[in-house]
Structures are given as C-alpha cells and as structure tokens.
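**Student:** Handing you this structure, nothing more for now.
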Amino acid sequence: MQSAHRRRDNTMPVKPSVLQDRYRNRGTAFTLEERARLGITGRLPASVESLDQQAGRAYAQLQDQPSNLHKYIYLNQVHDRNQVLYYKLLGDHLNELLPVVYDPTVGEAIEKWSVDYRDSRAVYLSINRPEDMKASFQSLGLGPDDVDLIVVSDAQEILGIGDWGVNGTDISIGKLAVYTAAAGIDPNRVIAVNLDVGTDNEQLLNNPTYLGNRHARITGRRYDDFVALYLKTASELFPSAFLHFEDFGPSNARRILVENADKYRIFNDDMQGTGAIVMASAFSALKVTGGRWAEQRLVVFGAGTAGTGMADQIHAAMVRDGATPDEAKNNIWLIDIHGLVTDDMRDLPDYQQAYARPRSEVEGWSDGEIDLLTTLQHVKPTILIGTSTVHGAFTEEVVRTLAAGVERPLLLPLSNPTSRIEVMPSDAVPWSEGRVLMAVGIPVEPVQYNGVSYEIGQANNALLYPGLGLGTIVSGATHVTDNMLLAAAEAVAGQVDVSERGASLLPPVANLRASSATVAVAVAKAAAQDGVATKSYDNLIQAVQDAMWDPVYPADNLEDGR
Ligand code: NAI
C-alpha cells in the first residue's frame, strides 16, 4: 500500500486552508502583508485586486455561462470560495440574478440536485434519526446568540414543481441568499435546513443517485412530532432566530403556522409573505378606487396554499376595518378544481372548509359545479386572484365579465412562470378597456393602451419577506403578529405613487435594499406597538441601517471564521 507521505510527495502542494474558507477567503484581494501573515505568500498571482475588480471579472465569467443553470452552478462555486465576493456580485446585479439564485432557475437545480451534488451549506435533519437533531445543529459550533435566521423546508411543494425531498435543500439556501442580498441579513448568522421526511416523488425514489431517505413521506403523528421537535430544538439552541418555513404542503403549512404562530418566532412565506404582498397590491388599488377593506368582495381562483393564505389576510384586513369575522367570510368565494367551494362538497381540505359557501345560497346558479364565469356574474368581485397554475383560465369573457361588475377591479393573475399565468396583462388591459388594476407573478413589460402606458407591478415576495425578517430581528420580536405583516404590506405600497393612470401598484424589484430597510422600520414599529418587541432604540432608522450586512472585506476577520 502506498503511504500517505509518498503520495503527498508526488502531488501538488495542498491548497492553504484560508483559500478554501469562504468566510475568510479574499483571493487576489489579500494584500502582500496579509499573504505573509497568513502563510500564503506565493500562492496567489502578484496583483492585489480590489473587490470591485474581482467582482468585474466574476461577472464577465458569469456572462460566459451558456444557460441560467450554468450561471446558478457558477455562482454557487463563487459562494463556496468567497462569500463576500458572491454577495457583492449578487448585490450589484440583483434584478438580473434574483431569477438565477432563486425562482425559476433554482427549480431546475433542484430537479438535478442529487446528480449534481458536490458540497452543501445546509443542515439535514432525518425523520428516522430525531435523536441526532441537536447534534446536527451543534456541529455548526454556533452559540445561542450567533443565529438570526433559519430557513427550513420539507420540500413537499417546491415552487409549483411539487415534491422534491432532500433535493429541495437548495430552496432554503436560495431564500437565505435573497435575505442577505435584499435586506442585508448577516450571512454568517443564518442556517439552511432540510427536514427529510421521505418523498412521494417516485422518480426520485427509483433514482439510484437520490441522496435522501428512500421511502414515502411520513405523515400523521410522527411527522407532527418531528416538526415540533425541530421548533423546540431550533428555538432552544438559537433563541433569537427568526424561523422561516418554506414550501411545505398546504395542509401541513397551515396547521404548523396556526398551531405555533403564538408560541414561536415563525413565519411561512408561502402563506403570510404571499398574502402580504397581495395586501400591498390591494392597498395601492384601494388608494386608486377610494374603497374600504370591509367593502371588498374577493374571488380566489385556485384555492391552494397561496390562494387561501391570501384569503386569510384579506379576511383579517376586513375584520380590522370593522367587519365581523362572519361578515368578512361572507365576502370571500373560493374556486378550486371542482368549481365554487360549497359546504356540501365532500373531503374538502381543512384550509378550504373555512370559506365554503352554504349550498342553499347558490341554489339555482348552476345544475352542477359552479364555474368562474357564473361566480363572477353573481358576485361582481372587486378583487379576482388567480393562483390556479392554469394558463389562460382568465379568458376574454372572464375579464370582460369582471370589468362589467365594477369600475376598477383588482386583477391578480399570480400563477407563474409565464406558461401558467391565468392571463397576460397585454390581453387583460385592452379587454377591460384599461380599467383593471393589475399585478402579476412574473416580470412583464408595460402595456400601451389608448395612449397610456400601464406599468404592471411584480408581486414578488422578495419585496416583503427580507424586510419583514430584518424588522423582526432588529426589534427582537417574540413572534410575528398580523399587524407586523400589515405594516410590511403598507410599507411596500407606500413606496409607489398611484395618482397617475397606469402607475404600477408595487415598487420595482430593482432597489430592494432600500425598500427592505423601509419595510423593516415599519415592522419593528408594529412589533413595539403590539408589545412583542424585546429591543428598543432611540433611532430605529439608524438601528436598521446598522444591522444590515454589507459585502465588503472587514478590517478584522483575517483569522476568525464566521
Ligand atoms: P397549490 O398547488 O397549493 O395551489 C393551486 C390550486 O389550484 C390547487 O388547490 C389546485 O387544486 C387548484 N387548481 C388546479 N387546477 C384548477 C382549475 N382548473 N380550476 C381551479 N382551481 C384549480 O400551489 P400554490 O403554492 O398555492 O401556488 C399556486 C400558484 O401561485 C403558483 O403558480 C405559484 O407560482 C403562484 N404564486 C405566486 C406568488 C406571487 O406571485 N407572489 C406567491 C405564491 C404563489
């Protein structure tokens, strides 16, 4: 057998550890003096570069990548080598790179994850070894005050592509990247977690490269106990961490949130983040129409996780505006795959039951299932949301019927990507003679109609959750209240001026850092008003600025790790 000593003699010198440590590595930006101090003299080319120069080269290399998936992999490699450079690159080109580090490219990466697996920045928690949970977190070597944010997913419902088991780990990692790029959450104080409870994706179960637990999803009591253990362990080890839940299945997402929202500092972006960004669009729309929340009539087409989360928040807004819970419920209609959701339907999921309409009320509307068009004719909604993933479901007849019911309806066809959107603004604006107020789930060009340019806002959750997280962290809020979500939505809406016809209902995604800071201040104020804040400041605006991490090489972390 060849000895380790002889093998070392025959190979290249090993790479110095500081150049492999993404928290400390600065590559060509290390000065000659630093190189000498760290014992890496001669291990880098002679030039000493600035971070800007490094970022310029990395951006040029990025442009040479042949596809978004290649860009995703390239960016991951930069992240593995040098965290500051990665965030510098991301921050300098946020608008362009958000769809690469997150939706939709992350979906492609997830589908190939087990095949492409190289290294990982996550913590994996297996339902078959709950006794390992504490040790898994402790392996990070972080103390109770070292963690601000944990993003967890069980990957049952990834971005409309379904169940991806352990492959879904990248969803947690991608979300953390957006938090840092958009709101300056310190990337040294975050953890990505995958809860591996099995998968019902047979393609994965039969794939020899699959890296997760090879069995169907565990459900029921064992699943609930595992999630409860996660919440307990994470919050005991890291008591100040904001616990973000992402891409859980609709029933689990809702149950976990409802049962734990008052006990832990948790947040579910699919339900609360999405609901709040819709609220932001509606705040802007109400400024245009002059309407009140309590008077709105809402139809949701596609009553899954997102759609029912939106219904919940609009319901809460109606109640805050003076409606009783029953009156508010009476102004909400859900339509799912079998038409209008009514109380005589069998096996309704719990999240739809709350809004099921009494059958007696709709008697005579139709002999069988009650479709969207019929519902619009009877209800004349002020708000129509599409979260069905059914491309083209909002036909010309649907849009004309909606616009016949009220003068300026709010139309939110939010399904994405483009192949799933219910109606494109370029159709809906002319079909409604320029009367619909719109936001969509994808970036779209303005629509020119009758001499007016209609700017269509993108209802991107990234406008909201990074600032919400930052505000929660800065205020030390013990949990996320409805008022904090509402404050975040109002702060997003407050960034646009809707007085001109055709104005966007939402701010552009381009300037996320400034917009996240504004949202964070509003959220921290709401936390204080609700009595859940544990920290207070003489100057909150400055405190938020001070809390935001910047991608620069700090003066003092040559020796320290994260
Ligand atoms: P989901 O799968 O939980 O919900 C989709 C619902 O639509 C299901 O209840 C399904 O039964 C229903 N549906 C399917 N076909 C239908 C039909 N023909 N008629 C009526 N209902 C039908 O998915 P989730 O997570 O709620 O997402 C839905 C869509 O919303 C996705 O395309 C997602 O990308 C988009 N979305 C957009 C957001 C945004 O723009 N900020 C945020 C969250 C989701």
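**Student:** Would you work out if the stretch 474-562 is rounded, prolate or oblate? Take a ≥ b ≥ c from the square roots of the eigenvalues of the alpha-carbon gyration tensor; rounded if a/c is under 1.5, else prolate when a/b is larger than b/c, oblate otherwise.
**Tutor:** Note, shape of the stretch 474-562 comes out oblate.
**Student:** Another question, then. At 1.4 Å probe size, what's the solvent-accessible area of W431? Round to the nearest 10 Å².
**Tutor:** Roughly 60 Å² of W431 is accessible to a 1.4 Å probe.
**Student:** Collect residues whose amide H, placed 1.01 Å from N in the peptide plane, falls under 5 Å from the amide H of Y449; neighbours closer than 5 in sequence don't count.
**Tutor:** Y454
**Student:** Can you pick out the pairs among K263/K535; K175/K535; K88/K525 whose Cα atoms lie more than 21 Å from each other?
**Tutor:** Among K263/K535; K175/K535; K88/K525, the Cα-Cα distance tops 21 Å for K175/K535; K88/K525.
**Student:** Going highest first, how would you order 49-57, 477-485, 506-514 by mean Cβ packing within 10 Å?
**Tutor:** 477-485, 506-514, 49-57
**Student:** Which shape class, rounded, prolate or oblate, goes with the stretch 382-490 when its Cα gyration tensor gives a ≥ b ≥ c as root eigenvalues, a/c under 1.5 marks rounded, and past that a/b bigger than b/c marks prolate?
**Tutor:** Cα axes put the stretch 382-490 in the prolate bin.
**Student:** Subtract the Cα-Cα distance of A514 and R320 from 0.36 nm times their separation in residues, and report this length gain in nm to one decimal.
**Tutor:** Taking 0.36 nm per residue and subtracting the Cα distance, the gain is 67.0 nm.
**Student:** Would you kindly calculate the translational diffusion coefficient of the chain, applying Stokes-Einstein with the Kirkwood radius from alpha carbon pairs, for 20 °C and a viscosity of 1.002 mPa s, and quote it in µm² s⁻¹ without decimals?
**Tutor:** Here the translational diffusion coefficient equals 86 µm²/s.
**Student:** Determine the principal axes of the Cα atoms in the stretch 61-144, then give the extent along each, sorted from largest to smallest and rounded to whole angstroms.
**Tutor:** Taking the Cα atoms of the stretch 61-144, the three principal extents are 45, 29, 20 Å.
**Student:** Hey, another quick one. For an R0 of 30 angstrom, estimate the FRET efficiency from the Cβ-Cβ distance between V552 and S67 and round to the nearest 0.05.
**Tutor:** Between V552 and S67 the formula returns 0.45.
**Student:** To continue, here is another question. Given the C-alpha atoms of the stretch 255-394, compute the convex hull and give its volume per residue in Å³.
**Tutor:** Spread over its residues, the Cα hull of the stretch 255-394 gives 122 Å³ apiece.
**Student:** With a 1.4 Å probe and every protein chain kept in, tell me what percent of the accessible surface of the stretch 139-230 is carbon plus sulfur.
**Tutor:** 48
**Student:** How big is the Cα convex hull of the stretch 156-239 in projection, averaged over all directions, in nm²?
**Tutor:** 6.8
**Student:** Need one word for the stretch 59-110: rounded, prolate or oblate. Basis is the Cα gyration tensor (sqrt eigenvalues a ≥ b ≥ c); a/c below 1.5 gives rounded, then a/b vs b/c decides.
**Tutor:** The shape class here is rounded.
**Student:** Something else about it: List the GluC sites (Glu not before Pro) within the stretch 479-562 that fall in a DSSP loop (any state other than H, G, I, E or B) and whose Cβ has at most 11 other Cβ atoms within 10 Å.
**Tutor:** Those satisfying the criteria are E500, E559.
**Student:** Let me ask something additional. So if we plug the beta-carbon distance of S47 and E363 into 1/(1 + (r/R0)^6) with R0 = 56 Å, what FRET efficiency do we get, rounded to 0.05?
**Tutor:** According to the calculation, E is roughly 0.10.
**Student:** Follow-up question, since we're still on this one. Hey, if you drop one equal point scatterer on each alpha-carbon of the stretch 8-155 and run the Debye formula without solvent, what base-10 log of I(q)/I(0) do you get at q = 0.15, 0.18 Å⁻¹?
**Tutor:** Treating every Cα as an identical point scatterer, log10 I(q)/I(0) equals -1.02, -1.25.
**Student:** Would you please calculate the Kirkwood hydrodynamic radius of the stretch 331-396 over all C-alpha pairs and express it in Å, rounded to one decimal?
**Tutor:** In the stretch 331-396 this quantity evaluates to 12.6 Å.
**Student:** If the chain between R222 and Y23 were fully stretched, how many nm would it gain, using 0.36 nm times the residue separation less the Cα-Cα distance?
**Tutor:** 67.9 nm
**Student:** Just to confirm, what accessible area per residue do you get for the chain at 1.4 Å probe, in whole Å²?
**Tutor:** Accessible area per residue: 43 Å².
**Student:** Now a separate question. Give me the percent relative contact order of the stretch 23-143, please, defined on Cα pairs under 8 angstrom at least 6 residues apart.
**Tutor:** Taking the mean separation of contacting Cα pairs over the length of the stretch 23-143, I get 21 percent.
**Student:** Leaving out ligands, DNA and RNA, what percent of the accessible area of the stretch 238-366 is carbon and sulfur, probe 1.4 Å?
**Tutor:** Of the solvent-accessible surface of the stretch 238-366, carbon and sulfur hold 49 percent.
**Student:** What percent do you get for the relative contact order of the stretch 447-536 when only Cα pairs under 8 Å and 6+ apart count?
**Tutor:** Over the stretch 447-536, the number comes to 44 percent.
**Student:** Now a separate question. R0 = 25 Å: FRET efficiency of D350 with L229, Cβ-based, nearest 0.05?
**Tutor:** 0.65
**Student:** What's the percent breakdown of Cα-Cα distances in the stretch 377-423 across 5 Å bins, shortest bin first?
**Tutor:** Histogram of Cα-Cα distances, whole percents per bin: 6, 25, 29, 23, 13, 4, 0.
**Student:** Taking the Cα of A404, stepping 7 Å toward and past its beta carbon, and measuring to each backbone N in the stretch 324-346: which are under 20 Å?
**Tutor:** 340
The values are calculated or read from the model by the stated rules, or taken from the named source; none is laboratory data. What you are looking at is a predicted structure, and each value in this text was computed from that prediction instead of being measured. Ideal geometry is used to build each Cβ from the backbone, glycine not excepted, and the neighbour counts take in all protein chains shown. Note: accessible area is taken over every heavy atom of the protein model, side chains too, but ligands, DNA and RNA are not part of it. Shrake-Rupley method; radii C 1.70, N 1.55, O 1.52, S 1.80 Å.
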